[in-house]
Amino acid sequence: MYLGRVKNDSVWHSLKILFTGALLLFLINNYFGFDNALTVGEIDRWQILIHLHGGSIGWITLSAIGIAIWVLTGEREVGTDYEGRVRKLVWAAILVFAGYIPAFGLAFSRPSGPLVALLPLFGTCAVLVLWAATIFAFGQLRHQSPMSTVHLLAAGALLTAAIGATVGMLLGLERVVGEFLPLPPGDRVGAHAGMMDTYLFLVASAVIEWGRGGLSQRWTKAGAAQALCWMISAALVPFAFFTNTVEQVLPLFGLLLLVGMVIFLARVGWRALTDLPKGAGIRAWSFFGSLWLVLYVVLFLYVVSKNADATLMPPWFFAAFAHVGFVGMMTNLIFGVVASRAAAGAGIMPWAEMATLWITNLGILAFLGAKIGADVRHGAFVMGIGVLLGVVTMLRRLQAS
């Protein structure tokens with residue numbers, strides 16, 4: 001039911017701190033999710049950006065760093081220098097990301113002023129943290145025995161996120177100094193957002209394979225091909241924007257996404273999808289995560305079929321797209337990882353993990369149904385209650401573990 005424990009006690013404690021921080025930052029996302037559902041009419045951009053980045057940075061990217069540390073440390077004997085590096089990386093990530101999230105609200109709720117500069121300031125620090133995490137991860141690959149596809153996916157995810165975050169930081173700098181990037185007019189943010197949306201496939205598939213014993217199996221050519229397909233497809237996004245070749249590159253982007261998905265399904269995904277959830281544990285979370293991963297790819301391919309032209313997409317599309325990926329795919333899988341870290345406290349609220357699993361996933365269906373059918377956001381209440389229950393449960397279990 002649970003993932004293996006990290007052998008080193010200091011690193012294990014650092015992971016407890018990291019996932020506690022991720023859960024607390026996720027509460028920012030959860031709060032604004034409820035607020036968005038209660039808002040009548042258009043939601044202010046600053047409010048959307050805090051909600052979005054509370055989930056994408058505070059919850060998902062911070063957890064991606066934790067996942068990489070966990071799988072790359074494993075059962076190895078590590079020294080005090082290693083423990084110190086992990087501890088510094090964890091605290092730097094928590095503090096920087098905690099500042100970066102409100103910086104979006106402060107920067108976008110006003111046209112100018114000194115607070116606008118907080119966005120590139122924290123953005124630069126976040127980029128440095130992600131590159132430090134990437135260098136750490138790739139430096140640890142040579143110490144893995146065996147080196148598995150899970151290790152490659154986890155390290156590749158951080159590299160992809162670091163590149164995408166660098167583009168995002170430069171866009172944030174434009175908020176202060178004016179436009180200077182050689183990007184076409186219109187959807188300039190897509191150069192960053194498209195890559196950050198795509199790197200999630202690497203994290204998600206790493207967790208799914210990890211939950212099925214993938215750490216004990218040496219990497220394969222098919223596994224490496226899957227990782228490369230998704231890494232290259234992600235890198236194509238900013239390349240296409242910076243070279244003004246979005247329409248020409250989109251078909252290749254879609255093809256690589258699809259090929260990576262087919263390889264994933266043939267290797268691991270079909271097993272996760274046929275392992276029906278009969279209780280709690282990482283495989284139950286992976287079942288739902290895998291279902292939403294497949295739908296997330298379908299929605300990406302829909303974007304490709306419309307040449308990434310927002311005017312050709314229905315009004316509900318982007319809300320559905322974000323929640324399928326961030327809640328359906330990633331939150332399911334990260335809850336599974338955190339539940340494993342907090343397994344020693346599983347006696348606390350023993351009913352709550354299963355309840356979170358079903359309320360959250362039924363809530364996503366309610367949100368999608370209400371948004372698509374009536375263009376209302378009320379389904380977010382069910383989804384948000386499931387997520388909030390999961391956060392409270394995991395925080396209590398982590399503290400007791």
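Scan segment 344-365 for residues that are surrounded by 16 or more Cβ atoms within 10 Å (Cβ to Cβ) and not in a loop (DSSP other than H, G, I, E, B) and jot them down. Passing the criteria: 345, 352, 353, 355, 356, 357, 359, 360, 361, 363, 364. Count of segment 265-293 residues, restricted to those that are in a helix (DSSP H, G or I) and either under 28 Å from residue 342 (Cα atoms) or modelled with pLDDT under 95 (or both), is 19. Summed over segment 75-97, the residues that are aliphatic (A, V, I, L, M), in a helix (DSSP H, G or I) and either modelled with pLDDT under 95 or surrounded by 18 or more Cβ atoms within 10 Å (Cβ to Cβ) (or both) give a count of 6.
Take the residues in segment 304-337 that are of a type in the set (Val, Ile, Thr) and at pLDDT below 95, then tell me which one is nearest to residue 187 (Cα to Cα). Filtering segment 304-337 for residues that are of a type in the set (Val, Ile, Thr) and at pLDDT below 95, the one nearest to residue 187 (Cα to Cα) comes out as 311.
Residues are listed down the side, and each one gets a yes or a no for (1) in contact with a helix residue (DSSP H, G or I) (Cβ under 9 Å, 6 or more places away or on another chain); (2) assigned to a helix (DSSP H, G or I); (3) touching a residue at least 12 places away in the same chain (Cβ under 8 Å); (4) crowded, with 21+ Cβ neighbours inside 10 Å:
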site	(1), (2), (3), (4)
134	yes, yes, yes, yes
138	yes, yes, yes, no
141	yes, yes, yes, no
147	yes, no, yes, no
163	yes, yes, yes, yes
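So that you can scan it fast, the table gives a plain yes or no per residue for (1) closer than 18 Å to residue 296 by Cα; (2) of a type in the set (S, T, N, Q):
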| residue | (1), (2) |
| --- | --- |
| 182 | no, no |
| 195 | yes, no |
| 204 | yes, no |
| 217 | no, yes |
| 221 | no, no |
| 226 | yes, yes |
| 248 | no, yes |
| 260 | yes, no |
| 279 | no, no |
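Only one entry of 62, 72 meets the criterion of being closer than 17 Å to residue 327 by Cβ, in a helix (DSSP H, G or I) and either hydrophobic (A, V, I, L, M, F, W, C) or without any contact (Cβ under 8 Å) to a residue 40 or more places away in the chain (or both), and that entry is 62.
Scanning segment 231-266 for residues that are of a type in the set (S, T, N, Q) and under 23 Å from residue 203 (Cα atoms) turns up just one, 233. Residues in segment 186-203: is at least one aromatic (Phe, Trp, Tyr), under 19 Å from residue 127 (Cα atoms) and not in a helix (DSSP H, G or I)? Yes: one or more hits.
The values are calculated or read from the model by the stated rules, or taken from the named source; none is laboratory data. Owing to the predicted nature of the structure, the values given are computational and were not obtained by experimental measurement. Cβ: placed from backbone, ideal geometry, glycine included. Neighbour counts: every protein chain shown.
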